[in-house]
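Let me begin by presenting the structure, written as C-alpha cells, before commenting on it.
The values are calculated or read from the model by the stated rules, or taken from the named source; none is laboratory data. Quick caveat: nothing in here was measured; it's all calculated off a predicted structure. For neighbour counting, all protein chains shown are included, and Cβ atoms are generated from backbone atoms with ideal geometry for every residue, glycine included.
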Amino acid sequence: MQPNKIVTLTTDFGQAGNYTGAVKGVLLGINPQITIVDITHEISPFNVLEAALLLNSFYQFFPRGTIHLAVVDPGVGGKRKGILIRTDDYFFVGPDNGIFSFIYDQEKVREMVNLTNSKYFLCRPSSTFHARDIFAPVSAYLSLGVKPGVFGSPTHDCYKFKLPEPVYRNDYLMGEIILIDRFGNLITNISSDLIPDESQVQVRVKNKTINHLSQYYEEEKKGRLLALIGSNNFLEIAVNQGSAQKFLKAKTGDEVKIENIKG
C-alpha cells in the first residue's frame, strides 16, 4: 500500500499559540502537496485515552493510504518511543503511549517501526516538541513515498491501554465510566458486543435507572437522561441537550450496571 497525500491531525494543542501552525509548516515545507485535515486540537490536555477513543471513531472513514498523525504526549522527552504503524489500509504516526490502542484491535497491523532514524527528523529535535520535530517530518516523508522501514527499527512491542474489564455477575454486567467528554456524556467500558439484546436491558448509574437503550439523543425529551451506543461503539450515558456529568454528579470510575443482560 502506498500512502496518499492526506494527513489528519489530532492533538491536545488547543487553538491558541503556535503549536499547530508549526506542525503544519513542517508538513508543508517537506511536501507542499499534502492535504491536511484537522480532526481536533481540543483533546483534554494530556488525556491519551480520550484521543485513542476519538481516533478509533473516525480513522476508517478516510481514503486508503491516509496518514493519521496523532499527538497527545505527556511523556514527551522521556522513555516512551515514537512509532509508525502500517495496517492494510492506513498509516499511524505518533508517540507509543497507548494513543493507538484501539487501532491494534481493529486493524491488521502489517508493520511497526520505532522512529529512530534522525535523518528524517528536523535538525537537533527539541526534547519537548516531538510533534513538530519528529512526527511531522516523518509523516511528510512518508507521504512522499519513503518506506516505513527506513524510519527506524522494526518492533513487535507497543503500549496498549489496559482498560478495566466489565464483570458478569448473575444476570447483570458491571462496568464503569472511563471517560467524560466535553458535552458531559459518560463513556463506559461496556462495548456493544457485550449487549446481545439491546431492547431488553436496564441501565443503572448513580441510583438512576434507564429502562432501555436509545438509538439517538432526541429519542428522549430535552433534559432527560438516556443510554445509547455511542459512535465509538461503547455504552454511553447522556442527557439530551444537557450534561449527564452534571445531572448525575458523575466522575470516572463510577459504576454502571446493565441488568437483564441475558435477555
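Using the structure shown, decide if Ser243 is touching a helix residue (DSSP H, G or I) at 6+ places or on another chain (Cβ under 9 Å), surrounded by fewer than 18 Cβ atoms within 10 Å (Cβ to Cβ), of a type in the set (Ser, Thr, Tyr) and outside the structural domain of Leu54 (by TED's automatic domain parsing). In short, no. Against the numbered list (1) over 10 Å from the mean Cα position of the chain (by Cα); (2) part of a strand (DSSP E or B), Pro63 comes up short only at (2).
Only one of the numbered conditions (1) buried (at least 23 other Cβ atoms within 10 Å of the Cβ); (2) outside any loop (DSSP other than H, G, I, E, B) is violated by Ile43, and that is (2). Screening Asp12, Asp96, Asp88 for residues that are of a type in the set (Asp, Glu) and over 14 Å from the mean Cα position of the chain (by Cα) leaves exactly one candidate, Asp88. When only residues in segment 195-229 that are within 15 Å of Ser243 (Cα to Cα) and within 26 Å of the chain's Cα centre (by Cα) count, which is surrounded by the most Cβ atoms within 10 Å (Cβ to Cβ)? Applying the filter and picking the extreme gives Ala227.
Going by the conditions given, is Asn240 in contact with a strand residue (DSSP E or B) (Cβ under 9 Å, 6 or more places away or on another chain) and on the phi > 0 side of the Ramachandran plot? Against the criterion (in contact with a strand residue (DSSP E or B) (Cβ under 9 Å, 6 or more places away or on another chain) and on the phi > 0 side of the Ramachandran plot), Asn240 does not qualify. Of all the residues in segment 114-165, those that are assigned to a loop (DSSP other than H, G, I, E, B), among the β-branched types (Val, Ile, Thr) and closer than 18 Å to Val71 by Cα number 2. Every test in (1) in contact with an Asp or Glu (Cβ under 9 Å, 6 or more places away or on another chain); (2) farther than 24 Å from Asn117 by Cα; (3) in contact (Cβ under 8 Å) with a residue 60 or more places away in the chain is passed by Val71 save one, and that test is (2). Scan segment 200-220 and give yes if some residue there is of a type in the set (Gly, Ala, Ser) and assigned to a strand (DSSP E or B), otherwise no. Within segment 200-220, one or more residues are of a type in the set (Gly, Ala, Ser) and assigned to a strand (DSSP E or B). Of all residues in segment 246-258 being under 24 Å from the mean Cα position of the chain (by Cα) and assigned to a loop (DSSP other than H, G, I, E, B), which is surrounded by the most Cβ atoms within 10 Å (Cβ to Cβ)? Among those residues, the one meeting the criterion is Ala250.
Could you list all residues from segment 99-113 that are surrounded by fewer than 21 Cβ atoms within 10 Å (Cβ to Cβ) and assigned to a loop (DSSP other than H, G, I, E, B)? Passing the criteria: Glu107, Lys108.
For (1) assigned by TED's automatic domain parsing to the domain that holds Leu122; (2) of a type in the set (Val, Ile, Thr); (3) at pLDDT 95 or above, each residue gets a yes or a no:
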| site | (1), (2), (3) |
| --- | --- |
| Ala16 | yes, no, no |
| Lys24 | yes, no, yes |
| Ile30 | yes, yes, yes |
| Val37 | yes, yes, yes |
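Among the residues making up segment 76-85, a single one is within 17 Å of the chain's Cα centre (by Cα) and not aliphatic (A, V, I, L, M): Gly82.
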